[in-house]
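Report on one structure; see the data block that follows.
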Amino acid sequence: MRLLVTGGAGFIGANFVHQTVADRPEVGVVVLDALTYAGNRASLDSIADRIEFVRGDVADQELVDRLVGGVDAVVHFAAESHNDNSLAQPFPFVQTNIVGTFALLEAVRRHDVRYHHISTDEVYGDLDAHEPPFTPNTPYNPSSPYSASKASSDLLVRAWVRSFGVRATISNCSNNYGPYQHVEKFIPRQITNLIDGVRPRLYGAGHQVRDWIHVHDHNRAVWTILEHGRIGQTYLIGANDELDNKSVIELILAEFGRDADDFDHVTDRPGHDQRYAIDASLLRTELGWEPRFADFRAGLSATIRWYREHEDWWRPNKAVTESTYLTAGEKVL
Ligand code: NAD
Ligand code: TDX
């Protein structure tokens with residue numbers, strides 16, 4: 001089998017490529033990645049001779065058509081992925097997430113190639129404290145330019161399945177954590193701040209809730225869906241680990257032996273989604289998937305260890321990421 005993985009130099013994509021090379025040596029992996037600020041070729045250094053790497057844009061229809069013509073399946077991770085960036089500059093989100101997905105769908109349609117689309121729980125909007133978790137039937141209600149662009153791309157996939165018979169599945173996952181995540185994101189930002197002796201930065205009061213899943217469990221679910229999922233079906237992926245942001249910061253502080261209140265409250269995110277929660281029962285009952293990282297604290301502790309041991313990987317992005325937050329107006333409250 002030959003597999004095209006878009007966004008394979010990003011956080012989840014790189015972990016997916018590592019997992020695939022380790023567990024499925026018979027699969028030939030081709031990575032297509034534009035190496036934007038979020039992509040890091042070094043994430044694939046240790047397996048560089050076991051994969052084919054193509055630097056290019058998923059919205060480049062000619063390139064995408066040629067690559068898709070040479071594979072049996074596509075897993076599409078490539079995206080602009082950070083909500084805060086989408087508030088400052090929405091256009092790249094429209095271009096990569098919507099136009100890029102369109103280019104891939106046209107190519108898989110032409111070559112009749114199996115397609116799996118990676119999406120997010122954010123397409124469903126947010127929940128209050130007492131609402132039941134999202135299911136595959138929850139109406140779309142995205143809040144940010146990022147989640148609106150992901151919702152748009154999901155709808156393109158559904159239309160290409162219905163109108164053109166494209167063999168596609170979609171998965172909408174909750175917040176991932178683990179190795180190789182960019183330091184702009186919540187958990188790596190706080191870990192690397194603490195390694196640098198800087199106080200963690202919590203948006204607003206920090207009562208927003210996220211449903212955390214280890215990236216390895218997400219990627220195992222993606223393989224399960226690619227192999228056994230029903231064409232046209234949406235599967236939600238989550239590990240039932242809801243925590244508010246303040247509690248996550250307190251857990252990280254405890255791992256560093258610091259006091260629970262040793263952090264700063266900073267400017268809140270405009271339109272900040274209150275709570276995400278996933279009902280993954282379809283994936284569990286129909287496809288038999290279960291998360292292996294059942295204990296968030298243990299997974300977090302291993303992730304902190306990874307960042308301590310891989311400073312060479314994240315250091316080049318740290319200062320520029322923090323200055324982007326300052327330029328965007330982030331202030332201690
Ligand atoms: P990331 O930002 O770490 O990586 C994105 C990758 O895509 C980078 O390597 C980047 O260079 C590449 N890329 C960006 N624009 C491109 C383009 N035009 N052409 C080719 N490559 C391009 O993102 P991530 O956190 O790994 O997210 C991967 C996917 O998973 C995204 O589709 C995201 O919406 C989805 N997702 C992420 C999470 C999460 O918690 N991180 C949760 C659910 C779903
Ligand atoms: O410094 C911070 N302080 C803080 O309190 C940062 C960077 C974030 N936060 C808050 C905002 C969110 O409530 O932490 C929470 C998590 O923030 P992000 O890491 O930016 O993730 P989120 O906005 O929840 O989106 C993530 O999960 C869904 C991914 O970035 C998306 O790609 C995915 O679709």
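The values are calculated or read from the model by the stated rules, or taken from the named source; none is laboratory data. Here the structure is a predicted model, which means the values were calculated and not measured. We place every Cβ from the backbone using ideal geometry, glycine too, and count neighbours over all the protein chains shown.
Of Asn141, Asn137, Asn172, which residue is farther than 28 Å from Ala328 by Cβ and not in a helix (DSSP H, G or I)?
Numbers: Asn141 fails: farther than 28 Å from Ala328 by Cβ; Asn172 fails: farther than 28 Å from Ala328 by Cβ.
Going through Asn141, Asn137, Asn172 in turn, just one is farther than 28 Å from Ala328 by Cβ and not in a helix (DSSP H, G or I): Asn137.
Looking only at residues in the stretch 121-140 that are more than 22 Å from His82 (Cα to Cα) and hydroxyl-bearing (Ser, Thr, Tyr), which one is surrounded by the most Cβ atoms within 10 Å (Cβ to Cβ)?
Looking only at the stretch 121-140, we keep the residues that are more than 22 Å from His82 (Cα to Cα), and these are 128-133, 135-139.
Okay, now just the ones that are also hydroxyl-bearing (Ser, Thr, Tyr), so 135, 138.
On the way: Thr135: 14, Thr138: 19.
Here the answer is Thr138.
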Any chance you could count how many residues in the stretch 119-158 are under 23 Å from Pro92 (Cβ atoms) and more than 15 Å from ligand 2 (Cβ to nearest atom)?
-> 3
Could you check, for the stretch 193-216, whether at least one of its residues is surrounded by fewer than 22 Cβ atoms within 10 Å (Cβ to Cβ), without any contact (Cβ under 8 Å) to a residue 24 or more places away in the chain and either on the phi > 0 side of the Ramachandran plot or part of a loop (DSSP other than H, G, I, E, B) (or both)?
-> yes
Filter the stretch 6-24 down to residues that are outside any helix (DSSP H, G or I) and near ligand 1 (Cβ under 10 Å from one of its atoms), then give me how many there are.
-> 5
Tyr115 fails exactly one of the following numbered conditions: (1) more than 16 Å from the chain's Cα centre (by Cα); (2) within 16 Å of ligand 2 (Cβ to nearest atom). What is the number of that condition?
-> (2)
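For residues that are part of a loop (DSSP other than H, G, I, E, B) and either touching an Asp or Glu at 6+ places or on another chain (Cβ under 7 Å) or among the hydrophobic types (A, V, I, L, M, F, W, C) (or both), tally how many sit in the stretch 246-265.
Applying the first criterion (part of a loop (DSSP other than H, G, I, E, B)) to the stretch 246-265 yields 256-263.
Adding the requirement that they be either touching an Asp or Glu at 6+ places or on another chain (Cβ under 7 Å) or among the hydrophobic types (A, V, I, L, M, F, W, C) (or both) leaves 256, 260, 263.
Matching residues across the stretch 246-265 total 3.
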Over the stretch 248-264, the set of residues exposed (fewer than 15 other Cβ atoms within 10 Å of the Cβ) and either among the hydroxyl-bearing types (Ser, Thr, Tyr) or without any contact (Cβ under 8 Å) to a residue 40 or more places away in the chain (or both) is Ala254, Gly257, Asp259, Ala260, Asp261
Based on what the data block shows, is Glu227 in the same structural domain as Ala129 (by TED's automatic domain parsing), of a type in the set (Asp, Glu) and free of Cβ contacts under 8 Å to residues at least 40 places away in the same chain?
-> yes
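Is it the case that Thr234 is β-branched (Val, Ile, Thr) and either in contact with a Lys or Arg (Cβ under 6 Å, 6 or more places away or on another chain) or more than 16 Å from ligand 1 (Cβ to nearest atom) (or both)? Can you show your working first?
Working: β-branched (Val, Ile, Thr): yes; either in contact with a Lys or Arg (Cβ under 6 Å, 6 or more places away or on another chain) or more than 16 Å from ligand 1 (Cβ to nearest atom) (or both): no.
Here the answer is no, as Thr234 does not meet what is asked.
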Under 7 Å between Cβ atoms, at least 6 apart or on separate chains: pull out the pairs that start in the stretch 288-301 with a residue that is under 14 Å from Asp211 (Cβ atoms) and end on any residue that is modelled with pLDDT of 95 or more and in a helix (DSSP H, G or I).
-> Pro291/Asp217; Phe293/His216; Phe293/Asp217; Phe293/Gly299
Looking at (1) more than 17 Å from Tyr276 (Cβ to Cβ); (2) in contact with a Leu (Cβ under 6 Å, 6 or more places away or on another chain); (3) within 11 Å of ligand 1 (Cβ to nearest atom), find the lone condition where His182 falls short.
-> (2)
